[in-house]
Amino acid sequence: MGLSAPARRRPGGTAPGARRRALEPWMYLLPALAVLGALLVYPLYQLVLVSFYDYRQPQVTGAEPLRFIGLENYASLVSDPQFWEVLANTAVFAAACVLGTLAVGGGLAVLATRLSPWVRTLLFLAALGAWATPAVTGSAVWLFLFDPLLGPVNQALVAIGLEGFSGHSWTYEKWPAFGLVWTQVVWCSFPFVMVTLYAGIRAIPEEVIEAARLDGASTGRIARSVMLPMLRPAMTVVTVQSIIWDFKIFTQIYIMTGGGGIAGQNLVLNVYAYQQAFASSQYGLGSAIGVVTTVLLLLITLLYLRTLRRQGEVL
């Protein structure tokens, strides 16, 4: 008698068909992994490698040989008070941008569900216009709006009797400058949050919300106890994206504060790395800052996802 299919498996092995099925997803992913390896893994490897060397302009031109210095660049960062100040600036500014973006985008997503179709369409077109605007262009427009002499914001404030804003510079002091950049970052970032959360709200079955209303739940209670739990997967996506985008802000800070503000008061990690690498020609030190930024982003994202998993979220 012939052996049945399960009996034909080799002792201690795996059926060839099962092995092929296990490898099949990886075969589909192989082209994407190859592209990611070329565009991401190799540059990251080079970034880490350069951070272990004394790599300055003489080494770039070939006038002096490369000198391996191990962790000296990282030791220099740890012992530099400016690095810790810049790190604190980055953390506070990024957190404020993430919270502001989620609040504005989430609020407008809820509002969009209550608007008539044509008004909602206008809102979405205006929001997507802000999202599609390049960061350089948006920063230049924002600088014009808040220009001390010609900006319409100062002129409007003076027109309503606030004479103290005549010639007022919004970028001279540290926190007003960060606040100005914050408004621009939130303006160009909230549309992604709004569209994503609006799609999530629309995906919630009407029967669920109607059942909650019949049970006597208020609008606020429905939002907290019904809609928010069902929106958590979408919230996870927009929060992680916002953390990554806002933690590595460069263009808005560099343009709107003139490269980091007076005496570097508005520096964040990416601008600080640029200054060290290109303005000071300390490419090894700049690479070390880039590595630290990447590691911090990975840690923050992993901690956030781990917190969600502990709360029982399916990721």
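The values are calculated or read from the model by the stated rules, or taken from the named source; none is laboratory data. Keep in mind the model is a prediction, meaning the values are calculated, not measured. All Cβ positions, glycine included, derive from the backbone under ideal geometry; neighbour counts span all protein chains shown. Each accessible area value is taken on the protein alone, full model and side chains, heavy atoms only, with ligands, DNA and RNA left out. Shrake-Rupley method; radii C 1.70, N 1.55, O 1.52, S 1.80 Å.
Of all residues in segment 185-219, those that are open to solvent by 30 Å² or more (accessible area, probe 1.4 Å) and of a type outside the set (Asp, Glu) total 17.
Being touching a residue at least 12 places away in the same chain (Cβ under 8 Å), over 17 Å from Gly105 (Cα atoms) and surrounded by fewer than 17 Cβ atoms within 10 Å (Cβ to Cβ), is that true of even one residue in segment 174-184? Checking segment 174-184: at least one residue is touching a residue at least 12 places away in the same chain (Cβ under 8 Å), over 17 Å from Gly105 (Cα atoms) and surrounded by fewer than 17 Cβ atoms within 10 Å (Cβ to Cβ).
Just name the residue that is modelled with the highest pLDDT out of those in segment 44-67 that are surrounded by 10 or more Cβ atoms within 10 Å (Cβ to Cβ) and out of contact with any helix residue (DSSP H, G or I) (no Cβ under 9 Å at 6 or more places or on another chain). Step through it out loud before you land on a result.
At the first step, the residues of segment 44-67 found to be surrounded by 10 or more Cβ atoms within 10 Å (Cβ to Cβ) are 44-60, 64, 66-67.
Cutting the leftovers down to out of contact with any helix residue (DSSP H, G or I) (no Cβ under 9 Å at 6 or more places or on another chain) gives us 45, 58.
Values: Tyr45: 89, Pro58: 83.
The selected residue is Tyr45.
The criterion of at least 2 residues that are in contact with a strand residue (DSSP E or B) (Cβ under 9 Å, 6 or more places away or on another chain) and more than 25 Å from Thr133 (Cβ to Cβ) is met by none of the helices (runs of 4 or more DSSP H) wholly inside segment 209-302.
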